1. Using the Cα gyration tensor of the range B:86-194, with a ≥ b ≥ c the square roots of its eigenvalues, what is the shape: rounded (a/c below 1.5), prolate (a/b larger than b/c) or oblate (neither)?
2. To the nearest 10 degrees, how steeply does helix A:338-349 sit against the main Cα axis of chain A, on a 0 to 90 scale?
3. Over chain A, with a Gaussian network built from C-alpha contacts below 10 Å, which listed residue (A:Tyr103, A:Tyr167, A:Tyr226) shows the highest mean-square fluctuation?
4. In nm, one decimal, shortest first: how far is the label point of A:Arg246 (7 Å from Cα along Cα to beta carbon) from the matching points in the other copies?
5. So if each residue of separation counts as 0.36 nm, and I subtract the Cα-Cα distance between B:Asp141 and B:Glu285, what length gain in nm does that give?
6. With only alpha-carbon atoms counted, please give the Rg and Dmax of the range A:70-287, in Å.
7. Quick one: dipole size for the range B:70-287, taken about the Cα centre, charges +1 on Lys/Arg Cβ and -1 on Asp/Glu Cβ, in debye to the nearest 20.
8. Using only the alpha-carbon atoms, how far is helix A:45-61 inclined from the longest principal axis of chain A? Give it as 0 to 90 degrees, nearest 10.
Number of protein chains: 2
Amino acid sequence: MKPPDRRDAEALDAADPLAAIRDRFVIADPDRIYLDGNSLGPLSVDVRAAIGAILDDWGERGVEGWNDWIELPTRVGDRLAASVLGAGSGEVLIADSVTVNLYKLATAAADLRPGPIVTDDGNFPTDRYVLEGVARQRGRDYIEAPNAEAAIEASAHGVLCLSHVDYRSGALLDMASITAATDALLIWDLSHSAGAVEVDLSAADLAVGCTYKYLNAGPGAPAFLYVRRDLQEAMHSPIQGWFGRREQFGMGAAYEPADGIERFAAGTPSVVGLAAVDASLGLIEQATMAAIASKARSLTGLAVQLADSWLPSLGVQVGSPRDPSTRGSHIALRHPEAWPICRALIERAHVIPDYRPPDIVRLGFTPLTTRFADVWDGLNRLRRLVEDGEHHLVTAAPRRVT
Amino acid sequence: MKPPDRRDAEALDAADPLAAIRDRFVIADPDRIYLDGNSLGPLSVDVRAAIGAILDDWGERGVEGWNDWIELPTRVGDRLAASVLGAGSGEVLIADSVTVNLYKLATAAADLRPGPIVTDDGNFPTDRYVLEGVARQRGRDYIEAPNAEAAIEASAHGVLCLSHVDYRSGALLDMASITAATDALLIWDLSHSAGAVEVDLSAADLAVGCTYKYLNAGPGAPAFLYVRRDLQEAMHSPIQGWFGRREQFGMGAAYEPADGIERFAAGTPSVVGLAAVDASLGLIEQATMAAIASKARSLTGLAVQLADSWLPSLGVQVGSPRDPSTRGSHIALRHPEAWPICRALIERAHVIPDYRPPDIVRLGFTPLTTRFADVWDGLNRLRRLVEDGEHHLVTAAPRRVT
């Protein structure tokens, strides 16, 4: 079958219901093809304006601003729950980082379950590091299974943590069937799925995720955590901070956890970061998650189709699922020289991909800004670059944050 | 002795070497007297510009920005160490919140010392809550002593946490003599002293503190932590995050802590918050901590003098040390109706103080922006308000963050 040509990609853009929303984002260099929104999403004018407004508020009201800001972690959490996560009101909190939130939830979960703490050995590094530490501190076995199935098998009566979308391959797990299949307390890491695929947490136990990838809230914007309502009362954060205390400003003697999701708060939240998350959700609501997820499947579908047509003869293989219902919004291309290919794409082809050891060129597509023509051009530049051996001319070492 | 009149205060402003730096801050309402910089410092044009610049950087470079941003937690930490904390290079990290940082350091300290975890019962609530939780999780005794001396006494072979400046009275502890007097691992909470008094951590073990009070970096800006260099290798953060791992981007199998202060990092840092801290330190360096601390002593000195002259006959007593070398940059005024007095100051007198249960009107002075005339006017408005019984006319309930 003949692969799509560039006019086919342009036709997809012309028919794209999300095409106009790209104008709400800062596209600093129209010739650069940014395929790393799964590491860091793009800046929108909405986020910039919201940060400006919250600075104005700080400047005008000083500490009196806290009368409103105090509600942001739960108010923006509720908004994220409804727009993106398929969770209920009072089940999501914006706070801290994914690492700190996973530490809180994994520790609280371990205190409820006598079994081992389990993940798969391909899970994102910080998840594995945190879980191993929690297991040691709580005197539990820590198991890194070779895959999700084996992890589910090994986690009976324990705590299980899985990434909804794999940070390397982009493979999407079936949340509903896995949740039904395990008796472990299950923590989903949604970092690579929130804002990329439709998420339905309604039957899930626990989740964490970040806001700087497909939620486009900026580098180091605060993360989120989810605890299903009926689990909240039994779970206790190991980090007993004043923002998680009942009647915080009574400044009472002993710690007592707040009634709802606020008990998982710790210290003073980043108000600037919360304003960014809030504004970014406004754009996602305008687009709708259904349309975003649909476009993600089409973007990755075009990329897989082009890669399968153009790249195997150059030694580059698709390392992602071919069924669009089982992947997120990024794909992996495997090649032994993945690192120099990534560097050459950045230095010589004006394409921004990401490298993941040992052999992955990762291409992430932001449905709110990436055009089908960008996918075509990006894959085409990669093809020409490898054909021409330009990846043998690169120099610097990579250093990047997912 | 006759109390200073307003012309005396104006003369102090005319001679103030820091007077000009006030123009670098946003003074939204010149008639409002903001005396709560110890809860939330004011917005500067420098911080606003730095946040705008980091957003530009994100917009222009996307994920490539991380090649520089990755160094911010230690680079800005080094700057804070040198300008404000009297600490060395490689001893300070900007990260997370005070609550999370105290949790990390207290847990790591408890793993080194067999004794109890001790603080005083007047320490800031989040410190007491966190320490109690750590003690329970580590199986140690938790002791809240009635004062610092008793806490030092009780902490042999254990972990001690003290606030350098008391969040209510403003009393400043003698760091050098206390550090010499205890064999406990001692964690200083510098939240109410960093940027207000001269700090010399060179002999101290451990410290935490926030950047949104006297460091003026904005609501929820990231906090800092300090670990003396020779203690770092033996201490392990309980939160094993990828930013604290040796060779983070190798994404290796098992967690190994980084060599230096980075081992106390956890998740992705707030780049916007780090830019704010960095810019705010620029203003502090221009002013110099010596000049800031000197002005703080003079501002609180004027306030104490006026309060002692005007207020005892109205039932208001100074609840802060009278020796300027033993207090920070805020003072406590005690009155049984402190809460309605605070509300009336805000609603009827255009003065922003802070209320601390049960009986404290807290007045904080930001040396970079507070004028001696502001101190005089603020105290005078408080005097007139109580004389006229206006505090009996207030309505709403307070809700505020320190």
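1. Values: a/c = 1.28, a/b = 1.09, b/c = 1.18.
Taking the square roots of the gyration eigenvalues as a ≥ b ≥ c, the range B:86-194 is rounded.
2. Computed tilt is about 70 degrees.
3. In this elastic network of chain A, the residue with the biggest mean-square fluctuation among A:Tyr103, A:Tyr167, A:Tyr226 is A:Tyr103.
4. 4.6
5. On the way: separation 144, 0.36 × 144 = 51.84 nm, distance 4.20 nm.
Contour length minus the Cα-Cα distance gives 47.6 nm.
6. Calculated on Cα positions, Rg and Dmax stand at 16.2, 50 Å.
7. On the way: 15 positive and 28 negative charges, 110 e Å.
Roughly 520 debye, rounded to the nearest 20.
8. Approximately 30 degrees, to the nearest 10.
No value in this document is a laboratory result; all are computed from the given coordinates. What you see is a predicted model; the values in this text were computed from it and never measured. Every residue, glycine as well, gets a Cβ built from its backbone with ideal geometry; the counts of neighbours run over all protein chains shown.
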